[in-house]
Amino acid sequence: MGRKNILGMPVKSITQTILPGATIGVLGSGQLGRMFAIAARRMGYRVHTFSPESDTPTGHIADVEVTGSYDDLDAVRRFARAVSVVTFEFENVSAAAAAAAAECAPVRPGGDVLHITQHRLREKTFLARNGFPVTPFRPVNSLDDLSAGLAQFGCPAVLKTAGFGYDGKGQTRITAPEKAEAAFASAISGGNRELILEAFVDFECELSVVGARGLDGSFAHFGVIANTHRNHILDLSVSPAAIEPAVAREAAEITRSVLEALDVTGVLCVEFFLRRDGGLLINELAPRPHNSGHLTFDASMTSQFEQQLRAVCGLPLGSTELLRPAAMANLLGDLWDGGEPHWAAACAFPEVKLHLYGKLHPKPGRKMGHLTALAGSAEQAAAQVLAARAALIQNMR
């Protein structure tokens with residue numbers, strides 16, 4: 001009998017190296033896939049992308065853009081038959097779609113990784129059962145469950161939908177017990193029946209580690225990145241993070257252990273809270289390149305996107321050496337409120353790199369691009385990238 005996936009369906013398993021000239025399939029078509037496709041085409045691979053949209057950031061770079069629903073499993077199978085390996089740039093793809101693709105081509109990371117990490121309750125349960133430090137949590141299926149959770153954790157606490165959430169979507173901070181009923185009603189109004197309550201963490205800062213694990217079990221990481229969020233969306237990432245060396249070593253070791261526990265082949269980001277007492281708590285996992293790792297595209301010997309390619313193709317992992325300290329600032333659709341940003345103003349900063357994703361319609365909160373600055377120190381890089389972003393508006397025509 002051959003291998004089977006989490007749904008008990010057969011999985012096509014190929015262990016040999018997938019060499020340049022082969023075709024890589026990407027489920028998802030956003031900016032992560034775009035930068036992955038740039039890395040893949042530079043190394044001589046062809047790229048096919050599959051998503052419900054057309055004229056997408058990934059599709060602009062890919063050789064073939066296939067438009068279809070993830071629920072159309074026959075279309076997913078046809079897509080997978082035309083490629084040598086399938087990977088993800090977006091984790092909110094159904095487990096059934098991942099399983100269908102795995103019947104026709106290797107899927108890396110595997111659908112079981114996707115199944116766990118796309119669902120907050122499954123993810124937290126997996127981490128806790130494997131001894132990883134996580135935010136205290138409990139499942140919520142009723143208002144009584146929520147009330148009991150608030151009695152256990154106190155207020156504030158955070159109520160989240162269990163599935164398909166990112167950039168702060170599906171989250172409500174409950175500041176007092178009397179607000180529980182309204183928060184619960186709002187959370188289930190969209191048809192969400194599975195919820196999770198997490199204790200509020202008074203953290204010092206938010207950190208992330210992007211790690212990669214090869215087909216042979218080898219491991220590499222890009223160091224610890226410090227992150228600042230605004231309205232639950234990543235705003236600024238700085239590398240290296242200004243933390244104690246012992247904390248950095250612990251974060252990297254936890255990341256390695258998570259990738260090994262999940263048996264990941266590919267790239268996965270672990271997002272951490274650094275508590276005020278110096279302890280680390282895992283906040284979330286992302287089984288793909290991560291927004292905070294965008295700065296590796298310019299600042300590292302091997303970017304997170306090339307590393308994903310190397311891992312899923314069975315190639316040796318590349319060096320993750322940080323060539324210079326760096327900072328990345330997101331460019332959201334809000335920047336377009338007064339008209340087209342003044343791109344020349346940002347480009348006037350000689351150590352700042354501009355990345356735009358080819359999205360035609362800016363919307364508030366939508367990630368349209370990013371800036372990366374390189375400098376002699378992380379602090380200087382952060383100051384440069386923020387100044388360049390401010391110039392986009394200050395010098396707007």
Point to revise | When residues of region 182-228 are limited to those that are of a type in the set (V, I, T) and more than 30 Å from V385 (Cα to Cα), the one surrounded by the most Cβ atoms within 10 Å (Cβ to Cβ) | key: I196
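Is it the case that region 258-265 has a residue that's modelled with pLDDT of 95 or more and over 20 Å from L114 (Cβ atoms)?
No, region 258-265 contains no residue that is modelled with pLDDT of 95 or more and over 20 Å from L114 (Cβ atoms).
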Exercise for review: Say whether the condition of being over 30 Å from V85 (Cα atoms) and without any contact (Cβ under 8 Å) to a residue 40 or more places away in the chain is met by at least one residue in region 320-328.
Suggested key: no
Exercise for review: Report the residue count in region 60-89 for those that are in a loop (DSSP other than H, G, I, E, B) and out of contact with any strand residue (DSSP E or B) (no Cβ under 8 Å at 6 or more places or on another chain).
Suggested key: 4
Review point. If you go through region 68-87 one residue at a time, do you hit one that is touching a residue at least 24 places away in the same chain (Cβ under 8 Å) and under 18 Å from the mean Cα position of the chain (by Cα)?
Key: yes
Check your understanding: Going by the conditions given, is F90 touching a residue at least 60 places away in the same chain (Cβ under 8 Å), closer than 15 Å to N283 by Cβ and among the aromatic types (F, W, Y)?
Key -> no
Practice item. Please verify whether region 105-119 includes one or more residues that are of a type in the set (K, R), outside the structural domain of G217 (by TED's automatic domain parsing) and free of Cβ contacts under 8 Å to residues at least 24 places away in the same chain. Key: no
Practice item. Would you confirm whether any residue within region 39-60 is modelled with pLDDT under 95, in contact with a helix residue (DSSP H, G or I) (Cβ under 9 Å, 6 or more places away or on another chain), over 22 Å from L317 (Cα atoms) and surrounded by 15 or more Cβ atoms within 10 Å (Cβ to Cβ)? Key: no
Revision key, fill the gap. Of (1) assigned to a helix (DSSP H, G or I); (2) modelled with pLDDT under 95; (3) not hydroxyl-bearing (S, T, Y), N92 satisfies every one except (1)
Review point. Does region 276-292 contain at least one residue that is part of a helix (DSSP H, G or I), small (G, A, S) and under 22 Å from R34 (Cβ atoms)?
Key: yes
Revision key, fill the gap. Note: among A299, A252, just one is under 29 Å from I38 (Cβ atoms) and surrounded by fewer than 22 Cβ atoms within 10 Å (Cβ to Cβ), namely A252
Revision key, fill the gap. Of (1) surrounded by fewer than 16 Cβ atoms within 10 Å (Cβ to Cβ); (2) in a helix (DSSP H, G or I); (3) of a type outside the set (A, V, I, L, M), Q384 fails just (1)
Point to revise | Residue list for region 320-343, restricted to those being surrounded by 12 or more Cβ atoms within 10 Å (Cβ to Cβ) and small (G, A, S) | key: A326, A327, A329, G333
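Are any residues in region 171-223 of a type in the set (K, R) and without any contact (Cβ under 8 Å) to a residue 12 or more places away in the chain, and if so, which ones?
Once the filter is applied, which keeps residues that are of a type in the set (K, R) and without any contact (Cβ under 8 Å) to a residue 12 or more places away in the chain, region 171-223 yields only K179.
Yes/no per residue for (1) of a type in the set (V, I, T); (2) in the same structural domain as E253 (by TED's automatic domain parsing); (3) touching a helix residue (DSSP H, G or I) at 6+ places or on another chain (Cβ under 7 Å):
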site: T125; (1), (2), (3): yes, no, no
site: Q152; (1), (2), (3): no, no, no
site: P156; (1), (2), (3): no, no, no
site: T161; (1), (2), (3): yes, no, yes
site: Q171; (1), (2), (3): no, no, no
site: A180; (1), (2), (3): no, no, yes
site: A187; (1), (2), (3): no, no, no
site: R193; (1), (2), (3): no, no, no
Study note, to complete from the structure: Apart from one, (1) crowded, with 16+ Cβ neighbours inside 10 Å; (2) touching a residue at least 60 places away in the same chain (Cβ under 8 Å); (3) not β-branched (V, I, T) all hold for L371; the odd one out is (2)
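Taking the condition surrounded by fewer than 24 Cβ atoms within 10 Å (Cβ to Cβ), touching a strand residue (DSSP E or B) at 6+ places or on another chain (Cβ under 9 Å) and closer than 20 Å to R41 by Cα, does D263 pass?
no
The values are calculated or read from the model by the stated rules, or taken from the named source; none is laboratory data. Computed from a predicted structure; not experimentally measured. All Cβ positions, glycine included, derive from the backbone under ideal geometry; neighbour counts span all protein chains shown.
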